[in-house]
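Visitor: Got a structure here, written out as structure tokens. Questions coming.
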Amino acid sequence: MRLKIILPRILKINRIDDLKISVVFNNGESRIIDFNKVLKSAEINESSPEYILYDQKEFSQVEIQDYTLSWPNVEQYITSIKGEKIQVPYEIGPDVLYKYSDPDVFEMTNQIGKLLKMARKESGLTQEALAKKSGTTRTYISRIENDHSDLEIATLRKIIEIGLEKRLEITIK
């Protein structure tokens, strides 16, 4: 039997904060890559061409090339078969970037948990009572309220509309 190897690929940059980049990988995960850790592990020092990435202006010139992060502003050269030096962008493999990343917890998820907890308390329900009314478990309600669980819209709707007897409205800004 052949093993199926799934290589991580970066599809989108969500945002850049200082030396951290939030990206979406091809498995659907949004993850934050901390380049303080990446550059440290690569033993980048002041004599390395990549050292300029510690400068926020230089770092923010990142773009996606061939499903990984690339910095065309870092002077890096390779030698062609003909012996010519060719400038290439600085890139780090997406597998390495995935290794040095952590899940990106969206603010919205945090807000949903807080909103759910507030609405549950306003309704005078315990987690157990809400779980029973909405057909879930107390542990699941707790995990949502404390931002330790992903949440499907259908499940959220069931908890809000059946469990809390309220109406769910979602807006996109």
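Every number in this text was worked out from the coordinates using simple rules, so none of it is lab data. Predicted model, so just to flag it, every value in this text is computed and none were measured. All Cβ positions, glycine included, derive from the backbone under ideal geometry; neighbour counts span all protein chains shown.
Visitor: Once the Cα gyration tensor of region 47-88 is found, what semi-axes does its equivalent ellipsoid get, as square roots of 5 times the eigenvalues, in whole Å, sorted largest first? Let's see the in-between values first.
Guide: Working: eigenvalues 97, 39, 8 Å².
That gives 22, 14, 6 Å for the three semi-axes.
Visitor: Within region 107-173, report the GluC sites (Glu not before Pro) that DSSP leaves as loop and that have at most 11 other Cβ atoms within 10 Å.
Guide: GLU152, GLU165, GLU169
Visitor: Mind pulling up the Rg/Rh value for region 12-52? Radius of gyration and Kirkwood radius, both on Cα.
Guide: Numbers: Rg = 12.1 Å, Rh = 11.3 Å.
Here the Rg-to-Rh quotient is 1.07.
Visitor: Additional query: If you average the sequence gap of Cα pairs under 8 Å that are 6 or more apart and divide by the length of region 65-173, what percent do you get for the contact order?
Guide: Details: 97 pairs, mean separation 19.0, N = 109.
The value is 17 percent.
Visitor: How much length, in nm to one decimal, is gained on full extension between ASN36 and GLU161, taken as 0.36 nm per residue of separation minus their Cα-Cα distance? Could the numbers behind the result be given before it?
Guide: Working: separation 125, 0.36 × 125 = 45.00 nm, distance 4.42 nm.
Full extension of this stretch gives 40.6 nm more.
Visitor: Report, in deg cm²/dmol and to the nearest 500, the calculated mean residue ellipticity at 222 nm for the chain, where each DSSP H run with n ≥ 4 adds -39500 (n - 2.57) and the sum is divided by the residue count. Could the numbers behind the result be given before it?
Guide: Details: 7 runs with 54 residues, N = 173.
Counting only the DSSP helices, I get -8000 deg cm²/dmol.
Visitor: With an 8 Å cut-off on Cα pairs and a minimum separation of 6 or more residues, tell me the relative contact order of region 10-103 in percent. Kindly include the intermediate steps, with their values, before the conclusion.
Guide: Details: 149 pairs, mean separation 24.2, N = 94.
Rounded, it is 26 percent for region 10-103.
Visitor: Next up: Summing Lys, Arg as +1 and Asp, Glu as -1, what charge do residues with Cβ under 11 Å from the Cβ of SER60 carry, SER60 excluded?
Guide: Values: positive: ARG15, LYS57; negative: ASP17, ASP18, ASP55, GLU58, GLU63.
Surrounding charge for SER60 is -3.
Visitor: Could you calculate, for region 107-163, the ratio of the Cα radius of gyration to the Kirkwood radius, expressed as Rg to Rh?
Guide: On the way: Rg = 9.9 Å, Rh = 10.9 Å.
When Rh is taken as the Kirkwood radius, the ratio is 0.91.
Visitor: Grab the alpha carbons of the chain, take their convex hull, and tell me the volume per residue in Å³. Before the final figure, lay out each step's value.
Guide: Details: hull volume 31.3 nm³, N = 173.
Residue-normalised Cα hull volume stands at 181 Å³.
Visitor: Grab the other residues whose beta carbon is less than 14 angstrom from that of THR126, score K and R as +1, D and E as -1, and report the net.
Guide: Working: positive: LYS117, ARG120, LYS121, LYS132, LYS133, ARG138; negative: GLU122, GLU128, GLU145.
Taking every other residue near THR126 into account, the sum is +3.
Visitor: Just for the Cα atoms in region 10-103, what are the lengths along the principal axes, largest first, rounded to whole Å?
Guide: Reported extents, whole Å, longest axis first: 42, 27, 22.
Visitor: A further question on this structure: Of the trypsin sites (Lys or Arg not before Pro) in region 1-92, which ones lie in a loop per DSSP and count no more than 11 other C-beta atoms within 10 Å? Before the final figure, lay out the partial values.
Guide: Values: sites: ARG2, LYS4, ARG9, LYS12, ARG15, LYS20, ARG31, LYS37, LYS40, LYS57, LYS82, LYS85; in loops: ARG2, LYS4, ARG9, LYS82.
In loop regions of region 1-92 (DSSP not H, G, I, E or B), the sparsely surrounded trypsin sites (Lys or Arg not before Pro) are ARG2, LYS4, LYS82.
Visitor: Same structure, new question: List the chymotrypsin sites (Phe, Trp or Tyr not before Pro) in region 70-173 that DSSP assigns to loop (not H, G, I, E or B) and whose Cβ has at most 14 other Cβ atoms within 10 Å. Which are they? If you can, show how the numbers build up before the last one.
Guide: On the way: sites: TYR77, TYR90, TYR98, TYR100, PHE106, TYR140; in loops: TYR100, PHE106.
Those satisfying the criteria are PHE106.
Visitor: Another one. Most exposed first by the Cβ proxy, i.e. fewest other Cβ within 10 Å, how do VAL74, VAL105 rank? Show your work: numbers first, answer last.
Guide: Values: VAL74 20, VAL105 12.
Ascending number of Cβ neighbours within 10 Å: VAL105, VAL74.
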